[in-house]
Amino acid sequence: MTANAAGNPIERLGGRVLKSFRYAGGLSLLLAETLRWAGKTLAAPKRRDVRALGEQIVRVGIKSIGIVALVQGFVGVILALQLTPTLEDYGQEAQIATVIGISGFRMLAPIFTAVVLSGFAGASIAAELGTMVVAEEIEAMQAMALNPIRFLVLPRLVATFLVMLLLTTFADVMIAAGGYLIAHLALGAEVYSRYWERMRDGLEYKDYFTGLIQGGVFGVLIGLISCYEGLHVRGGAEGVGRATTMTVVYSIVAIVLAACVCTVIFYVFGF
Amino acid sequence: MIDANDNTAREPVIRVADLVKRFDGRAVLDGVSLEVYPGEMLVIMGGSGCGKSTLLRNMIGSMTPDEGEVEIFGRDTLQLDESELDEVRKRFGILFQSGALFNSMTVGENVALPLREHTDLDEATIDIMVMMKLEQVGLRQAEDLMPSEISGGMKKRVGLARAVALDPEILFYDEPSAGLDPVTSAEIDHLMMDLAQKLGVASVVVTHEMDSAFRIADRMIMLDKGKVLMEGPRSAFEAIRDGAATGEETTDLIRQFLRGDSDGPITRRRQDSGYEEDILHAAEARYAPG
């Protein structure tokens with residue numbers, strides 16, 4: 001029996017790996033091109049550039065605030081409830097603020113916020129750009145000598161980046177507040193009365209900034225993947241649906257991979 | 001309208017030479033050459049999948065050919081970088097099949113966009129120009145409407161107003177009559193001829209609507225299977241359409257297409273797809289002894 005190329009597991013794996021590299025290459029090219037246009041736009045900004053960015057920030061950010069607040073508040077509550085018994089075993093329940101602060105600020109705030117944003121904003125960006133592709137709007141834009149990367153990708157990418165920075169900070173507050181709620185309801189007065197004080201003393205600026213940096217990276221990834229998927233839609237409405245789904249899937253994978261890479265880097269450099 | 005045969009003394013605004021475009025190894029355009037002269041209306045026609053839309057996309061620079069040359073205003077577009085190509089693009093306008101209006105902008109903003117981005121005109125001047133362009137297509141009252149609030153025919157007219165916003169020297173039309181009722185289609189045709197006369201632009205129209213093609217064309221090109229089957233003035237195509245079948249394969253094929261007959265070389269070609277042989281082969285393979 002001859003080996004079927006499509007059925008050969010090694011070739012299939014190789015094909016998958018190649019595809020992933022091609023995808024990463026495509027994203028990198030899109031990022032490079034967007035940065036080039038960012039430089040050009042910064043050199044000679046027009047009023048419409050500022051307006052377009054503002055519109056995208058409102059669209060990406062405002063829609064997501066409520067759900068981020070809800071999710072991250074519960075993350076704080078769950079963290080506190082999960083950690084309390086173990087900390088009590090060691091007589092360290094007073095450290096609940098520090099533990100919530102470190103795990104929340106450094107990882108859970110950026111990562112959950114990014115997942116929420118990829119579902120909300122990422123999918124909607126992919127659907128919007130995909131629909132524009134189907135309706136020949138992107139082609140019309142190019143034919144009118146208007147670069148789609150400058151007019152469409154740049155404001156969306158900058159918006160997801162900035163919004164992720166803001167939302168990560170907001171998520172930090174919500175996680176801390178969720179933890180405080182449980183401290184108040186389940187732990188003694190000594191713990192909750194000094195909750196904020198201990199959080200302030202137990203945390204360092206680097207705990208906040210490592211989370212913030214990751215938030216920014218995740219924001220760029222969501223913006224890139226959603227624009228890339230949207231602009232590469234093929235095959236009408238079905239293609240648009242596929243692009244929105246794949247945006248969320250690829251974004252989540254990319255977010256987790258990036259979180260891992262960031263953590264390794266922070267670990268190596270002692271952050 | 002100009003004399004379609006008097007092109008000898010003039011430089012073409014578009015010159016396409018030996019254009020080849022392949023998709024997955026299959027040549028959709030297979031050595032197409034043509035020239036478009038200032039002020040003329042050239043209609044490119046052919047059946048679905050003959051490569052006419054691909055040809056248009058190669059001419060406007062949204063696709064890159066695998067072989068051959070595309071020259072616009074004497075410049076080889078394949079040698080131009082993106083910003084040089086943009087300079088060429090500012091000199092032509094395109095009406096897409098769907099109109100391709102930006103759905104997030106009003107009709108007026110759509111028409112204003114090229115003016116805002118590519119000129120230094122102040123807002124007041126742009127407003128006046130938008131009004132003038134919309135008046136040219138009879139839609140001044142629709143300025144504040146969104147594209148979703150207007151009909152397909154109106155979208156095409158707005159698309160046309162946007163295409164002529166920068167006073168182009170060439171206008172490309174991709175299936176301008178597709179999806180329109182006969183009256184609206186005729187209206188668009190007259191608008192196209194009107195603009196061609198008033199602005200003196202060269203027009204390249206890709207269509208398979210024969211009524212429209214014969215109404216507007218100075219010169220026609222018929223594509224089939226990625227090749228130019230015939231090129232000539234409208235009168236030459238009219239002669240074939242109105243004449244009797246000749247028995248000559250190519251002429252009869254063109255005649256069938258122009259007349260929209262259900263019987264002829266095109267339909268016979270489809271029927272000669274080897275269906276019987278395929279069935280026989282399949283049966284032999286299935287029931288062959290041993």
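The values are calculated or read from the model by the stated rules, or taken from the named source; none is laboratory data. These numbers come from a predicted model, not from an experiment. Cβ sites come from the backbone with ideal geometry, for glycine too, and all protein chains shown count toward neighbours.
Being farther than 30 Å from A:E139 by Cβ, in a helix (DSSP H, G or I) and in contact (Cβ under 8 Å) with a residue 60 or more places away in the chain narrows it down to one of A:A237, A:A183, so name that one.
Values: A:A237 fails: farther than 30 Å from A:E139 by Cβ.
Exactly one residue qualifies, and that residue is A:A183.
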So which residues in the stretch B:146-201 are in contact with a helix residue (DSSP H, G or I) (Cβ under 7 Å, 6 or more places away or on another chain), among the small types (G, A, S) and surrounded by fewer than 22 Cβ atoms within 10 Å (Cβ to Cβ), if there are any at all?
B:G153, B:G179, B:S185
Residue among B:A178, B:A161, B:A142 that alone is touching a residue at least 12 places away in the same chain (Cβ under 8 Å), within 14 Å of another protein chain (Cβ to nearest Cβ) and under 12 Å from B:N110 (Cα atoms):
B:A161
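Please determine, by comparing only the residues of the stretch B:57-89 that are in a strand (DSSP E or B) and free of Cβ contacts under 8 Å to residues at least 40 places away in the same chain, which one is farthest from B:V13 (Cα to Cα).
For the stretch B:57-89, the residue satisfying everything is B:D76.
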Could you tell me which numbered condition A:A52 fails, if it satisfies all but one of (1) small (G, A, S); (2) surrounded by 14 or more Cβ atoms within 10 Å (Cβ to Cβ); (3) closer than 22 Å to A:G215 by Cβ?
(3)
Here are the criteria: (1) touching a residue at least 24 places away in the same chain (Cβ under 8 Å); (2) exposed (fewer than 15 other Cβ atoms within 10 Å of the Cβ). Tell me which single one B:F257 does not satisfy.
(2)
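For B:S48, state whether it is among the hydroxyl-bearing types (S, T, Y) and within 30 Å of B:P147 (Cβ to Cβ). Spell out how you get there, then give the answer.
Working: among the hydroxyl-bearing types (S, T, Y): yes; within 30 Å of B:P147 (Cβ to Cβ): yes.
Against the criterion (among the hydroxyl-bearing types (S, T, Y) and within 30 Å of B:P147 (Cβ to Cβ)), B:S48 qualifies.
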Determine which single condition A:A145 fails, assuming it passes every other condition in (1) buried (at least 20 other Cβ atoms within 10 Å of the Cβ); (2) out of contact with any Pro (no Cβ under 6 Å at 6 or more places or on another chain); (3) part of a helix (DSSP H, G or I).
(3)
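Per-residue answers, yes or no, for (1) buried (at least 24 other Cβ atoms within 10 Å of the Cβ); (2) of a type outside the set (K, R); (3) within 21 Å of A:I125 (Cα to Cα):
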position: A:A159; (1), (2), (3): yes, yes, yes
position: A:A183; (1), (2), (3): yes, yes, no
position: A:A189; (1), (2), (3): no, yes, no
position: A:Y192; (1), (2), (3): no, yes, no
position: A:G202; (1), (2), (3): no, yes, no
position: A:Y205; (1), (2), (3): no, yes, no
position: A:G211; (1), (2), (3): yes, yes, no
position: A:G215; (1), (2), (3): yes, yes, yes
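Could you check how many residues of the stretch A:35-74 are without any contact (Cβ under 8 Å) to a residue 40 or more places away in the chain and either touching a helix residue (DSSP H, G or I) at 6+ places or on another chain (Cβ under 8 Å) or not in a helix (DSSP H, G or I) (or both)?
Within the stretch A:35-74, the first condition is being without any contact (Cβ under 8 Å) to a residue 40 or more places away in the chain, and the residues that meet it are A:35-36, A:39, A:42-48, A:50-51, A:54, A:58, A:62, A:66, A:70.
Then drop every residue that is not either touching a helix residue (DSSP H, G or I) at 6+ places or on another chain (Cβ under 8 Å) or not in a helix (DSSP H, G or I) (or both), which leaves A:44-46, A:48.
Total satisfying the criteria: 4.
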Going through A:A80, A:A109, A:A94 one at a time, which residue ends up being over 22 Å from the mean Cα position of the chain (by Cα), under 30 Å from A:W196 (Cα atoms) and crowded, with 22+ Cβ neighbours inside 10 Å?
A:A80
Take A:L29 and decide whether it is closer than 23 Å to A:V115 by Cα and either away from chain B (no Cβ under 14 Å) or in a helix (DSSP H, G or I) (or both).
no
Complete set of residues in the stretch A:133-159 that are facing chain B (nearest Cβ under 8 Å) and in contact (Cβ under 8 Å) with a residue 12 or more places away in the chain
A:N147
I need the full set of residues from the stretch B:68-81 which are of a type in the set (D, E, K, R) and within 14 Å of chain A (Cβ to nearest Cβ), in order please.
B:D81
Kindly establish whether B:A196 is within 23 Å of B:F73 (Cβ to Cβ), assigned to a loop (DSSP other than H, G, I, E, B) and aliphatic (A, V, I, L, M).
no
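Every residue, every condition in (1) at pLDDT 90 or above; (2) more than 11 Å from every other protein chain (Cβ to nearest Cβ), yes or no:
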{"residue": "B:S33", "(1), (2)": "yes, yes"}
{"residue": "B:K52", "(1), (2)": "no, yes"}
{"residue": "B:L56", "(1), (2)": "yes, no"}
{"residue": "B:M63", "(1), (2)": "no, no"}
{"residue": "B:D66", "(1), (2)": "yes, yes"}
{"residue": "B:L85", "(1), (2)": "no, no"}
{"residue": "B:S98", "(1), (2)": "no, no"}
{"residue": "B:N103", "(1), (2)": "no, no"}
